[in-house]
Amino acid sequence: MSDMTDVERLTAAADRLDELADTADLMGDDANANRLREQSNRARMEAMNLIPPKASDG
């Protein structure tokens, strides 16, 4: 099993939360779908914050 970085782990969790939100939508559970999407967005933002800034080419 390969080692996942924190960014990869958070991104995978966000993807799974999106899938669960889609399922909640299909079941007509708008409140939980919105909650799951908010959690997904937070995980993606956290992952983006872990990515180091790129050095400028100047």
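The values are calculated or read from the model by the stated rules, or taken from the named source; none is laboratory data. These numbers come from a predicted model, not from an experiment. Neighbour counts run over all protein chains shown; Cβ positions are idealised from the backbone, glycine included. Areas reflect the complete protein model, heavy atoms only, side chains present, ligands, DNA and RNA absent. Shrake-Rupley method; radii C 1.70, N 1.55, O 1.52, S 1.80 Å.
The length gained by stretching the chain between residue 27 and residue 39 to full extension, at 0.36 nm per residue less their Cα-Cα distance, is 2.4 nm. Gyration tensor over the Cα atoms of the chain: the corresponding equivalent ellipsoid has semi-axes (square roots of 5 times the eigenvalues, largest first) of 29, 14, 7 Å. Solvent exposure of the chain, expressed per residue, is 82 Å² of accessible area, with all protein chains present and a 1.4 angstrom probe.
Ranked highest first by average number of other Cβ atoms within 10 Å, how do 44-53, 6-15 line up? All intermediate terms of the calculation are to be shown ahead of the outcome.
Working: 44-53: 11.3, 6-15: 15.0.
By packing density, highest mean first, the sequence is 6-15, 44-53.
Between the Cα long axis of helix 30-50 and the first principal axis of the chain there is an angle of about 10°, rounded to the nearest 10.
Please give me the summed charge of the neighbours of residue 36: other residues whose Cβ is under 15 Å from its Cβ, Lys and Arg +1, Asp and Glu -1.
Summing Lys/Arg as +1 and Asp/Glu as -1 gives -3.
Proximity of backbone amide H atoms, modeled 1.01 Å from N, is registered between residue 29 and no other residue at under 5 Å, excluding neighbours fewer than 5 places apart on the same chain. Calculated [222 nm] ellipticity per residue, helices only, for the chain: -25000 deg cm²/dmol; basis is -39500 (n - 2.57) per DSSP H run with n ≥ 4, divided by all residues, nearest 500.
Of all accessible surface on the chain at a 1.4 Å probe, what whole percent is carbon and sulfur?
Values: 2560 of 4730 Å².
Carbon and sulfur atoms account for 54 percent of the accessible area of the chain.
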